[in-house]
Amino acid sequence: MSLRTFLRLFAHVQMLPILESGEETLVGGQAVMEGVMMRAPHSYCVSVRKPSGEIVSEDMPVARMSEKYPWLKYPMLRGLGTLGQAMSLGMRALKFSANAALDDGKTEKPAEVSSWMMSVQVIFSIVFFLVVYKLIPLKLTEYLSNWKPALKGQIAFNAVDGLIRLIIFVGFLYILSRAKDIRRVFEFHGAEHKVVFNFESGKPVNVENAQQFVTWHPRCGTSFMFVIMLISMVVYMIIPAPTFTAKLLERIILLPVITGLSYELIRFAAKRRGSFLALLTAPGLWTQRITTKSPSDAQTEVAIHALNGAMTLEAKQGGELVIA
């Protein structure tokens, strides 16, 4: 694997939580390399346009996590199960799309991304996440509090820590968006949202109708990540941690709790868009101006292809959702 392919995969793995929109009861999806993955409650389909122009797909039935493990149907826990499955499917879709992108049709046996390489990417990305979003903000805040003692208070310290984390998050997204490859991913992300909006509207799903919708959606991983960071600020302000080590461990140990809380908030906001709590998701919608771009008709066509594949498989399994 070339260094360029490794770095592209790394960027995509880092963006999996940003690009996905996992939800057990609704249609959702995720942008991948030159394509889109779509999910229905019991079906999965990823469609990718190869360098030759051909659209290739992979689909399979997927059981809900709450059906496999009934204890995951309860609030707080259901978010962890659903998002864990979404990340697993996202990695599968990313691997499929990467292999399709590497197949230029010029060689009999094109290069492929191996499972061990994807495992290395996951480990590398987890370490990157902990260092960039946990360790660095905490260390910078500690340095600032030594310079300005007023920041040592529980509320002030965690407010500054959270602000630094948000600045790093938005800055990282903006820098990534300047890369040509990532911009195309953000265009497919926009295509995914437009097609989901089209489906939810009840209008026939086609390129012309889909292009009429906006690219930002309340059930987007970008909004979810933003809510996680806002909720974490509040949680850290409430639960004291006296030392640097205790603060770092707190940020790691409480991550599942904060993730569950954030999922419930996003779920509530998506169903009650005019509520007060829905206002907390607004910054995530604004940030989607970075992570989604207006797609071309060809990119929207790929997203529709993925949705049709997922819905066709859903119908074969007796699913209630049908293509409008």
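The values are calculated or read from the model by the stated rules, or taken from the named source; none is laboratory data. Only a predicted model underlies this, so the values are computations on that prediction, with no experimental measurement involved. Neighbour counts run over all protein chains shown; Cβ positions are idealised from the backbone, glycine included.
Scanning region 286-302 for residues being modelled with pLDDT under 95, in a helix (DSSP H, G or I) and in contact with a helix residue (DSSP H, G or I) (Cβ under 7 Å, 6 or more places away or on another chain) gives a total of 4.
Could you list all residues from region 147-186 that are farther than 30 Å from T243 by Cβ and modelled with pLDDT of 95 or more? I'd like the intermediate steps shown before the answer.
Initially, region 147-186 is screened for residues farther than 30 Å from T243 by Cβ, giving 173-186.
If the condition is that a residue be farther than 30 Å from T243 by Cβ and modelled with pLDDT of 95 or more, then no residue fits.
Out of Q85, Q121, I need the residue that is in contact with a His (Cβ under 9 Å, 6 or more places away or on another chain), assigned to a helix (DSSP H, G or I), modelled with pLDDT of 80 or more and surrounded by 18 or more Cβ atoms within 10 Å (Cβ to Cβ). Which one? Exactly one of Q85, Q121 is in contact with a His (Cβ under 9 Å, 6 or more places away or on another chain), assigned to a helix (DSSP H, G or I), modelled with pLDDT of 80 or more and surrounded by 18 or more Cβ atoms within 10 Å (Cβ to Cβ), namely Q121. Can we say R251 is of a type in the set (K, R) and at pLDDT 90 or above? Considered against the rule, which asks whether it is of a type in the set (K, R) and at pLDDT 90 or above, R251 comes out as yes.
I need the full set of residues from region 169-193 which are of a type in the set (G, A, S) and under 27 Å from S232 (Cβ atoms), in order please.
Filtering region 169-193 for residues of a type in the set (G, A, S) gives 171, 177, 179, 190-191.
Answer for region 169-193, where residues must be of a type in the set (G, A, S) and under 27 Å from S232 (Cβ atoms): G171, S177.
Counting just the residues of region 303-324 that are small (G, A, S) and more than 18 Å from N206 (Cβ to Cβ), which one comes out modelled with the highest pLDDT? Full working, then the answer.
Start the filter on region 303-324 by keeping residues that are small (G, A, S), which leaves 303, 306, 309-310, 315, 318-319, 324.
Add one more test, that the residue is more than 18 Å from N206 (Cβ to Cβ), and what stays is 315, 318-319.
On the way: A315: 85, G318: 63, G319: 59.
Restricting to residues being small (G, A, S) and more than 18 Å from N206 (Cβ to Cβ), the top hit is A315.
Quick check on F96: is it modelled with pLDDT of 85 or more and either of a type in the set (K, R) or under 28 Å from A40 (Cα atoms) (or both)? Taking the combined requirement at face value, the residue satisfies it. Considering the conditions (1) at pLDDT 85 or above; (2) closer than 26 Å to F186 by Cα, V257 is excluded by exactly one of them, (2).
Within region 63-73, being aliphatic (A, V, I, L, M) and surrounded by fewer than 18 Cβ atoms within 10 Å (Cβ to Cβ) holds for one residue alone: A63.
Selection of region 124-170 for residues being over 17 Å from the mean Cα position of the chain (by Cα), assigned to a helix (DSSP H, G or I) and of a type in the set (G, A, S) yields S145, A150, A156, A159, G162.
Any idea which of M60, M37 is in a strand (DSSP E or B), at pLDDT 85 or above and over 27 Å from R289 (Cα atoms)?
On the way: M37 fails: over 27 Å from R289 (Cα atoms).
Only one candidate passes the filter, namely M60.
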